[in-house]
Amino acid sequence: MNRLLALSILALILAAPASAASSSTTLRISALASGLRYSTTHLKAAHGKVTIVMKNLSPLQHDIAIKGKGVSVKGKTVGKGQTSTVTVTLKKGVYTFYCSVDSHAAAGMKGTLTIT
Ligand SMILES: [Cu+2]
């Protein structure tokens, strides 16, 4: 075996535990059937890959979005019974999750996402 190839394989083996340690969290919330509210205003996850799955129980259209610390991502806008999902890699810090439809966030459809 060629020495460079052997070193490359060794490097991959050594790097593997670091990537396996990086966390992946899925948080589930819903848009309440009435009022412009999600089921919670506080979410928490470990840094790494974070997914929020939002089920819309309301007759109005809603979505789920995350912003803060230079991040701004948005799931699709969905109707009753459907889910909007957003996935993003986040560093430690405090972010905002919110509904980007019309003025829903200003009306209360938002919360704090704390990444530790
Ligand atoms: Cu909304």
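The values are calculated or read from the model by the stated rules, or taken from the named source; none is laboratory data. Here the structure is a predicted model, which is why all the values come from computation and not from measurement. As a convention, Cβ positions derive from the backbone with ideal geometry for all residues, glycine included, and neighbour counts pool all protein chains shown.
Of all the residues in region 32-55, those that are under 19 Å from Gly108 (Cβ atoms), hydrophobic (A, V, I, L, M, F, W, C) and either assigned to a strand (DSSP E or B) or more than 14 Å from the ligand (Cβ to nearest atom) (or both) number 3.
Of all residues being in a loop (DSSP other than H, G, I, E, B) and polar (S, T, N, Q) in region 89-116, which is surrounded by the most Cβ atoms within 10 Å (Cβ to Cβ)? Just the residue, please. It comes out as Ser100.
With Ser84, Ser58 as the choices, which residue is surrounded by 14 or more Cβ atoms within 10 Å (Cβ to Cβ), assigned to a strand (DSSP E or B) and within 10 Å of the ligand (Cβ to nearest atom)?
On the way: Ser58 fails: assigned to a strand (DSSP E or B).
Going through Ser84, Ser58 in turn, just one is surrounded by 14 or more Cβ atoms within 10 Å (Cβ to Cβ), assigned to a strand (DSSP E or B) and within 10 Å of the ligand (Cβ to nearest atom): Ser84.
Picking from residues in region 63-81 that are within 11 Å of the ligand (Cβ to nearest atom), within 13 Å of the chain's Cα centre (by Cα) and among the aliphatic types (A, V, I, L, M), the one that is farthest from Tyr38 (Cα to Cα) is Ala65.
For region 18-28, taking the residues that are modelled with pLDDT of 95 or more and surrounded by fewer than 16 Cβ atoms within 10 Å (Cβ to Cβ), the one that is farthest from Lys110 (Cα to Cα) is identified as Ser24.
Residue-by-condition table, conditions (1) over 18 Å from Leu113 (Cα atoms); (2) touching a Leu at 6+ places or on another chain (Cβ under 7 Å); (3) modelled with pLDDT under 95:
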residue: Ala16; (1), (2), (3): yes, no, yes
residue: Ser30; (1), (2), (3): no, yes, no
residue: Arg37; (1), (2), (3): no, no, no
residue: Thr41; (1), (2), (3): no, no, no
residue: Val78; (1), (2), (3): yes, no, no
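Does Lys67 qualify as being in a strand (DSSP E or B), among the charged types (D, E, K, R) and surrounded by 14 or more Cβ atoms within 10 Å (Cβ to Cβ)? Criteria met by Lys67.
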